[in-house]
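The values are calculated or read from the model by the stated rules, or taken from the named source; none is laboratory data. Please read all numbers here as calculations on a predicted model, not as lab measurements. Heads up, the Cβs are rebuilt from the backbone with ideal geometry, glycines too, and the neighbour counts pull from every protein chain shown. Heads up: the accessible areas ignore ligands, DNA and RNA and are worked out on the full protein's heavy atoms, side chains in. Shrake-Rupley method; radii C 1.70, N 1.55, O 1.52, S 1.80 Å.
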Amino acid sequence: MIKEQVIIIGAGPCGMSAAIELMNEGYDPLLIEKGNIVNAIYHYPTHQTFFSSSEKLEIGDVPFIIEERKPKRNQALAYYRDVAKRKDLRIHPFEKAYQIKKEDDGFVIHTEKMHESKNVTYHAERLIIATGYYDSPNYMGVPGEDLDKVLHYFKEPHPYFDQDIAVIGGKNSAVDAALELEKAGARVTVLYRGADYSKSVKPWILPEFEALVRNKKVEMEFNASLIEVREKEIEYEVDGEKKTITNDFVFAMTGYHPDHSFLTEIGIEIDEKSGRPTFDDVTMETNIEDCYIAGVIAAGNNANEIFIENGRLHGSMIARAIINKAKKPTE
């Protein structure tokens, strides 16, 4: 069993920020990540532009300097790689934590090194869970959703040239996907339960999308609910009227939710209504002593409550809490 002072599950921006803040206080935390650093950002659409400006994505006092105000996915990936190197973060990539147990003197974490088929057991005095929500899509619960043609992630549009595509949803991810797909030559129909465009859609892309709808280059269906997905078509309902259209692929951009399995496994209480874990707003410590949470997992079901720009602040809160509870380790 490998013994550690602090283990952080998740090497996204919030987990990395927590590690840096602890290193500033003399700790040497280990980050365990089932992919590689900022794995969720890696899975964003290829040409994704962030809503936040670059300075609001900075961690560890490392400047994020670009010519544009809002960074793109590839710029963010390069920035966080640079941070990991500059700060010499101790990261175990492609290692998946699959079980955590609380013991009297800390936590036992069981992991699998994904490329080696090797299991590892750690003991940590303190644990920080900084897993996100991008790995757990919200399913629609309709017949045919398990078909291979139904996708919950959009990466890039090229494979869908000259295909009939349905995009489910009306917020940023759906609008972004529809714009990219139309540009690549797909025939796009967007189904949205709302009666009008979502107010959350980025203001700099909405006019372009509205223009495509007005010019019949994208078919937009409001008050629409998907009924069934079939091999070559989909059926949906608009204001009580059922419709069937030809379809090759469905992008269900219906959002994501946090995976609470690690939390409940060690006894962290979850509010049934909000999905929020029980934690101290000042220290980020949960109801399980010496177990902290960082990032969007603290938001519960409302994933729009915590972003990188405010989740990155959790690291300093946790570091202060740990310092206040325990003596600084011997230099």
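Values as computed for the structure displayed
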quantity	calculated
Å² of accessible area per residue within the chain, as computed with a 1.4 Å probe and no ligands counted	50 Å²
Residues L147 and F94, FRET efficiency given R0 of 41 Å [Cβ-Cβ distance, rounded to 0.05]	0.90
Using alpha carbons only: equivalent-ellipsoid semi-axes of segment 118-249, gyration tensor based, whole Å	31, 19, 16
Spacing of the two label points (7 Å from each Cα toward its C-beta) at S200 and F51, in nm	0.7 nm
DSSP bridge pairs, the chain: antiparallel proportion in percent, nearest 5	50 percent
Rounded tilt (10° steps) of 73-86 against the dominant C-alpha axis of the chain	10 degrees
Portion, in percent, of the accessible area of the chain that falls on carbon or sulfur, probe 1.4 Å	47 percent
Cα gyration tensor shape of segment 24-127, rounded if a/c is under 1.5, else prolate or oblate by comparing a/b with b/c	prolate
Neighbour cut-off at most 16 other Cβ (10 Å), DSSP loop, trypsin sites (Lys or Arg not before Pro), segment 184-219	R193, K199, K216, K217
At R0 = 25 Å, FRET efficiency that the Cβ-Cβ distance of H123 and K85 yields, to 0.05	0.35
Of I66, I165, Y98, farthest towards positive along the dipole that unit charges on Lys, Arg, Asp, Glu beta carbons give the chain	I66
Shape of segment 90-135, Cα gyration tensor, a/c cut at 1.5	oblate
Solvent-accessible area of I66 with every protein chain in place, 1.4 Å probe, in Å² to the nearest 10	40 Å²
Furthest towards positive pole of dipole, I322, F279, F222, structure part segment 182-330, Cβ charges	I322
Amide proton proximity set for G194, modelled H, under 5 Å, gap of 5+	N223, A224
Length released on extending from E116 to Y42, taking residue separation times 0.36 nm less the Cα-Cα span	24.4 nm
Segment 47-191 shape via C-alpha gyration tensor axes, a/c threshold 1.5	oblate
Inter-site label distance for E156 and T264 at 7 Å from Cα along Cβ, in nm	3.8 nm
Rel. contact order, % - alpha carbon contacts under 8 angstrom, at least six apart, the chain	21 percent
Distance (nanometres) between label positions extended 7 Å along Cα→Cβ at N74 and D28	3.7 nm
27 Å Cα-Cα reach of K70 towards lysines, excluding residues that sit fewer than 8 places from it in its own chain	K56, K85, K87, K155, K171, K183, K199, K202
